[in-house]
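Trainee: First the structure, which I've put down as structure tokens, then a few questions once you've had a look.
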Amino acid sequence: MKEYVEQRLVELRGELDLGQKQLALLEARGAELKNTLLRISGAIQVLEDVMAQAQRATPSNG
């Protein structure tokens with residue numbers, strides 16, 4: 001019984017370590033993705049501003 005418990009502890013500690021490493025990788029990937037989305041959002045805003053300025057500068061024929 002003692003050997004089983006010791007072996008199970010080793011297995012669970014290994015799984016915990018692996019899980020913590022995977023979580024750290026996912027959190028880093030999440031941070032990268034947030035930064036990418038922020039840059040895309042900023043680019044969209046810039047392009048929308050450019051379009052709005054272009055529309056104001058062009059006389060409408062309507």
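The values are calculated or read from the model by the stated rules, or taken from the named source; none is laboratory data. What you are looking at is a predicted structure, and each value in this text was computed from that prediction instead of being measured. Cβ placement follows ideal geometry from the backbone for every residue including glycine, while neighbour counts extend to all protein chains displayed.
Trainee: Which pairs do you get when a residue that is at pLDDT below 95, found in segment 34-55, comes within reach of a residue that is surrounded by 10 or more Cβ atoms within 10 Å (Cβ to Cβ), reach meaning Cβ atoms under 6 angstrom, with the pair 6+ apart or on two chains?
Mentor: Matching pairs, first to second residue: none at all.
Residues are listed down the side, and each one gets a yes or a no for (1) touching a strand residue (DSSP E or B) at 6+ places or on another chain (Cβ under 6 Å); (2) of a type outside the set (D, E, K, R); (3) surrounded by 10 or more Cβ atoms within 10 Å (Cβ to Cβ):
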position	(1), (2), (3)
M1	no, yes, no
Q7	no, yes, yes
A24	no, yes, yes
R29	no, no, yes
N35	no, yes, yes
A43	no, yes, yes
M51	no, yes, yes
P59	no, yes, no
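Trainee: Name the residues in segment 15-62 that are part of a helix (DSSP H, G or I), more than 12 Å from the chain's Cα centre (by Cα) and of a type in the set (S, T, Y), would you?
Mentor: S41
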